[in-house]
Each structure stands twice: as structure tokens, then as C-alpha cells.
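Reviewing the structure listed below.
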Amino acid sequence: MQELVDFPALAARLDAAGLGHWSTPVEALVRQRLSPQGHGDFERWAAAIAAIPGARGDEQALKRALLALSPWRKGPFELEGVRIDAEWRSDRKWARLESALLPLAGRTVLDVGSGNGYYALRMRAAGAGLVVGVDPTLLYVLQFIAVNHIIRDDGVFILPLRFEETPPAAGAFDTTFSMGVLYHQRAPIDHLRQLRDTLRPGGQLVLETLFMPGETSCAFTPPDRYARMRNVWLLPTLGELETWLSRTGYRGIEVVDTSVTTTDEQRSTEWMTFESLREALDPQDPGRTVEGWPAPRRVVITAINPGA
Ligand SMILES: C[S@@+](CC[C@H](N)C(=O)[O-])C[C@H]1O[C@@H](n2cnc3c(N)ncnc32)[C@H](O)[C@@H]1O
């Protein structure tokens, strides 16, 4: 079977981006993860990917192969007549942040928590030279590999890694995205610092996360689940989030957008048949989660690494 990742091409691209020291440790980890040891379902997923070349030209066969990689959380994708209508209308988030990006043309970009690479591909379409995505969820990485079997973009690599496992990037990136990741961190300030270390002086952080309403500067830790999610740790108010960013050394902090997530933007579909946002909100009061907390609202913030 064809290699799922073109390691020589990855090494060459990393080297050219000043990340040559990533190649050996990253390849070792990625090989380990992209194997039956990485996940009990690996062989089933790999078989779905292997079916893609033969399915091309037959919409129903292609759709079957791609559906075998469900649930699809981020999309939509249009692939040779197959529309992957994922749980999230991720195009809407992209539309909210696109105009706030420093130009991506020719840039080296890191996407932390990249999921299946939906945004990485949007970054490439906006001109980025190289996009490296990291995400520990193997299925999402395999979804990207499936998509890329069809679209063949040689400037995006989505790697099955936690951000904390990546070697120091020593300012190799022009733009670093962290979207939907901060509230899953037990130590969000460490996460912001590590993100800053990836950026060259003048490089841009694009941070997207959940926040709590309120004028005071404070953060809320749900005693248990939040909107049915188990792993939510700290939800700051906007003021608190700006403090975290300035304390970790960012400058030029700008709130680009705030939005309350709608059941139009995040919903169950044929490609993600499990429960979604609707079931996480109080049916009597959709302004509250089922646990009684304020319903999810999200912010996009950009900030600059000023350098030393
Ligand atoms: C809510 S999703 C957000 C996906 C996408 N960035 C977006 O904005 O739609 C969070 C993603 O972060 C990934 N993730 C969780 N912990 C991570 C970590 N330590 N390093 C990198 N990614 C992580 C998850 O696997 C998941 O795909």
C-alpha cells in the first residue's frame, strides 16, 4: 500500500522552513501512530483510504469509502461530486477570521488542533507556502489523508501529534492558529506560551476559543461537563483572555469577532450522526447549556509575538 505520509517530502519541506530538526522525531512518532498500534480501528480506516483510488469516477463508491471514515466533524468538502456535509459549517468560522489574517502568501503556518485539515486547506488556498497541522485524533488525520488522496496538495501535512509533543519550533512559523483547543488545556497559559515560541518576531497568533460572558476578569471551571463535553477546563471572560495573552508576552491583541454558536452551524448530519449542539442546550432556554451554564460563545483574537 502507498505510504500514508510522504516522509521524504515532509523532511524536505520541514528543512526548507528551518524545521529540519523536526524530521527524525516526528517521523518516528507518526509511523508509530499510523499503525494498528495507534488505534484499534486503524486497519478498517486504512482499508477505506485504500479503496479511494479505485472508487474515483464512481460517486456512490467514493461516498461509501469516505463515509467509512465518519464521524466528519469539520467541513464541508466537495470531492468529485461528493459533498461531505460535516457536523460543523467550518466555512463560517473561516469567513469570520479571514480578513484579520496577516497575508499568508508564501508563509509557513502551524495549525494546532487542525482536525481533518479543513482550515489548513483554506490557508493553502489563501496562499500559504507550507501548512503543518498537528492533531492527536487519528481518525481526523486519516480523513485529511483521504481528502488529500483526491486533491493532492503537497504543501499541507497533518500529523497525528499533540502540540506538546512537537520539538521546539524556535520561531519558525509566520502564523500559528490555535482554534478550539485552549479550553481543553489544563494549563492554558502554558499553551499560549508554547504557541508564542512557535512564532518569529512579528508573527501572528490566531486564537479561537470559548469564552464566558461578563465584564469582570475571571475564568470559570465547570464542575463537571460543559455543553456535554467532559474535557473543558477553563473558560475565561474576554478581559481575562486578553490578560492571559498580554501576560504571556503578546502585543497588538485584537478581538476580531465574537459569536454565539447556532444549531445551524453545528448540527448532526449524515456524516456525523451522533448528538450535536441541539442536545447540549436546554430545550426550555437555548441560552443555557443542559448543565445550566451560559451557552457556548466563541471569540477570534489575533495577537503578535513582538520578539524578545
Ligand atoms: C474543538 S476541535 C477544533 C478543531 C478545529 N481547529 C476547529 O477550530 O474547528 C479541537 C481539536 O483539538 C485537538 N486536540 C486536543 N488536544 C490537543 C493537543 N494537545 N494538541 C493538538 N491538538 C489537540 C482535538 O483532537 C480536536 O481535533
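Filter the range 160-172 down to residues that are more than 10 Å from the ligand (Cβ to nearest atom) and under 28 Å from GLY38 (Cα atoms), then give me how many there are. Total meeting the criteria: 3. Every test in (1) part of a loop (DSSP other than H, G, I, E, B); (2) in contact with a Gly (Cβ under 9 Å, 6 or more places away or on another chain) is passed by GLY38 save one, and that test is (2). Contact map, the range 165-184: residues that are farther than 15 Å from LEU207 by Cα paired with residues that are near the ligand (Cβ under 8 Å from one of its atoms) and hydrophobic (A, V, I, L, M, F, W, C), Cβ distance under 7 Å, separation 6+ or inter-chain. Pairs shown: THR166/VAL134. Tell me yes or no: at least one residue of the range 187-197 is assigned to a strand (DSSP E or B), away from the ligand (no atom under 14 Å from the Cβ) and either at pLDDT 95 or above or surrounded by 18 or more Cβ atoms within 10 Å (Cβ to Cβ) (or both). No, that holds for no residue. The residue that is surrounded by the fewest Cβ atoms within 10 Å (Cβ to Cβ), among those in the range 37-82 that are modelled with pLDDT of 95 or more and basic (Lys, Arg), is ARG44. In the set (1) among the basic types (Lys, Arg); (2) touching a residue at least 40 places away in the same chain (Cβ under 8 Å); (3) more than 15 Å from the ligand (Cβ to nearest atom); (4) touching a Gly at 6+ places or on another chain (Cβ under 6 Å), ARG56 fails one condition alone, (4). If only residues of the range 83-110 that are assigned to a strand (DSSP E or B) and in contact with an Asp or Glu (Cβ under 6 Å, 6 or more places away or on another chain) are counted, the one that is farthest from ASP58 (Cα to Cα) is THR108.
Of all residues in the range 205-218, none satisfies the criterion of being polar (S, T, N, Q) and crowded, with 24+ Cβ neighbours inside 10 Å.
The values are calculated or read from the model by the stated rules, or taken from the named source; none is laboratory data. Bear in mind the structure is a predicted one, so any value in this text is a computation, not a measurement. Note that each Cβ is placed from the backbone with ideal geometry, even for glycine, and that neighbours are counted across all protein chains shown.
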